[in-house]
Structure formats: structure tokens, C-alpha cells
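Some notes on the structure that comes next.
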Amino acid sequence: MLKKISVISINVFALLYGIFAFIYGAIYVSLDLRQTIMFNTEVEALAARNGQILYGTPFIVIGIVIICSLVVYYVLRKSRAGFIAWQINSGAVICIGFVYFVVTTAIALFLK
């Protein structure tokens, strides 16, 4: 019983963190600092924007990967799939998240 409560609580906290990370990253990336901060030059504004993209994108990716991993976990658990199938699908979700992270970081650096 204690094991089941522990697993459920960890999954709930992971889901809440995934949702928080995704929303925080999306808001952080979408903010327009030029309306709140007076920059002296356009270069400073561009540097601040690139910093936003560079630091906000990992939060979005982390949130997506956590939520996808939990979805895969619950789908495979309900379908009574084996542990190896769960590992393969979870690995695929993590690899897709890593590729997405690398691509978005490369795009952010390219837009610099």
C-alpha cells in the first residue's frame, strides 16, 4: 500500500512539475522585454531576447518530456504491457525530447 501511494504521489508531483515547467518556459519565451525595460541599443534588446529563448526553451522541453513520459507510463500500465515495452517507449519519448531540445537550441543560436 505504501509503495502504491509513493508511486502515485511521485507521478502527481512529476505531472505538476511538467505542467509548471512547460507554462513557465512558454511565458518566459513569449515575454517582450522592450515594453518593460528601456534598452540603449538594439543589440542589447536582441541579446536579452536570445537569452530568453536560450533559457526558456529547456523548460518547455522538460515539461513536454515529463508529460509524455507519464502518458506513456499510464498507457502501458493500463494495457498491461511488459516492462521492456515500457522501457522502449520511454526511451523513445526521451530521445525525441532530446532531439527537440537540440534542434530548438540550434535554432535559438542560429537566430542570434
Practice task
Only residues in segment 25-48 that are farther than 21 Å from residue 59 by Cβ and part of a helix (DSSP H, G or I) count as the first member; pair them with residues that are open to solvent by less than 80 Å² (accessible area, probe 1.4 Å) and modelled with pLDDT of 80 or more, Cβ under 8 angstrom, at least 6 apart or cross-chain, and list the lot.
Solution key: 34/45; 45/39
Problem - Qualifying residue in segment 7-17 (condition: loosely packed, with under 13 Cβ neighbours inside 10 Å, assigned to a helix (DSSP H, G or I) and either aromatic (Phe, Trp, Tyr) or in contact with a Cys (Cβ under 8 Å, 6 or more places away or on another chain) (or both)) - result: yes
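The values are calculated or read from the model by the stated rules, or taken from the named source; none is laboratory data. From a predicted model like this one, the values you see are computed outputs, not experimental measurements. Note that each Cβ is placed from the backbone with ideal geometry, even for glycine, and that neighbours are counted across all protein chains shown. Each accessible area value is taken on the protein alone, full model and side chains, heavy atoms only, with ligands, DNA and RNA left out. Shrake-Rupley method; radii C 1.70, N 1.55, O 1.52, S 1.80 Å.
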